[in-house]
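Please read the structure below before turning to the comments.
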Amino acid sequence: MKAVVDQPSNFSAEAARRELTALMRRVAGADRAALKLLYDRTSAKLYGICLRVLGDEADAQDTLQEVYLTVWKRADVYDSDRASPITWLSVLARNRAIDRLRGRRGTAEPLDSAFEIADDSPSALEVAEHADDARRLAHCLDELEERARSAIRSAFFDGATYPELAEREGVPLPTMKSVIRRGLMRLRGCLER
């Protein structure tokens, strides 16, 4: 866990893309553990897409299962030069959901009707802004002293509680709260520059 906490790149959209791309490659090589990790990282978003298209939880769950079955069988056709992993997975989920919706209705609708379904994935501009914000945050975190930087990352990015951090560092709880509070004030000052 320490290695993840110390990597400032884990705050960027590019790092997430690289991680998902690596998982897709491992899934293409029939790595079941990679499929589970891929599922853990992406299933909430893909389920949301399926549910939005279908409007039925049971159908959305069944469709999600079909999506990951397809990923297991067809991960080797994924091309990271053409689309990000989450885009490829989202399109796959959306298409499967639309196919199920058509099958449920018993009639095929024109493909153009798929464009009426809202896509809540971030735009290219939002992704770029997020990446810029993540770089600024990583830079400002790097300016903090190690103790404050580590505590803030653990508390806000890993979900560690203040009592857990105090115990881990061997300091009283009020001391740990002060370390984090001072670190957050410095972080805010850096981000406002």
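Name the single residue that is modelled with the lowest pLDDT among those in the range 150-164 being assigned to a helix (DSSP H, G or I), within 20 Å of the chain's Cα centre (by Cα) and of a type in the set (Gly, Ala, Ser).
Here the answer is Ala155.
I'd like to check something: does the range 59-68 contain any residue that is modelled with pLDDT under 85, in contact with a helix residue (DSSP H, G or I) (Cβ under 9 Å, 6 or more places away or on another chain) and under 17 Å from Arg25 (Cβ atoms)?
No, because not a single residue in the range 59-68 is modelled with pLDDT under 85, in contact with a helix residue (DSSP H, G or I) (Cβ under 9 Å, 6 or more places away or on another chain) and under 17 Å from Arg25 (Cβ atoms).
Residues being surrounded by fewer than 16 Cβ atoms within 10 Å (Cβ to Cβ) and of a type in the set (S, T, N, Q): count how many of those fall in the range 27-42.
Within the range 27-42, residues that are surrounded by fewer than 16 Cβ atoms within 10 Å (Cβ to Cβ) and of a type in the set (S, T, N, Q) number 0.
Out of Ile117, Ile86, Ile49, report the one residue that is out of contact with any strand residue (DSSP E or B) (no Cβ under 9 Å at 6 or more places or on another chain), among the hydrophobic types (A, V, I, L, M, F, W, C) and at pLDDT below 80.
Ile117
Looking at this structure, is Val71 in contact with a Lys or Arg (Cβ under 8 Å, 6 or more places away or on another chain), more than 30 Å from Leu141 (Cα to Cα) and either modelled with pLDDT of 90 or more or in the same structural domain as Arg168 (by TED's automatic domain parsing) (or both)?
no
Table: residues versus (1) of a type in the set (A, V, I, L, M); (2) more than 19 Å from Arg136 (Cα to Cα); (3) assigned by TED's automatic domain parsing to the domain that holds Arg135.
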residue: Ser150; (1), (2), (3): no, no, yes
residue: Arg153; (1), (2), (3): no, no, yes
residue: Phe157; (1), (2), (3): no, no, yes
residue: Thr161; (1), (2), (3): no, yes, yes
residue: Gly170; (1), (2), (3): no, yes, yes
residue: Thr175; (1), (2), (3): no, yes, yes
residue: Val179; (1), (2), (3): yes, yes, yes
residue: Arg186; (1), (2), (3): no, no, yes
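The values are calculated or read from the model by the stated rules, or taken from the named source; none is laboratory data. Quick caveat: nothing in here was measured; it's all calculated off a predicted structure. Because the Cβ atoms are built from the backbone with ideal geometry, glycine has one as well, and the counts that use them run over all protein chains shown.
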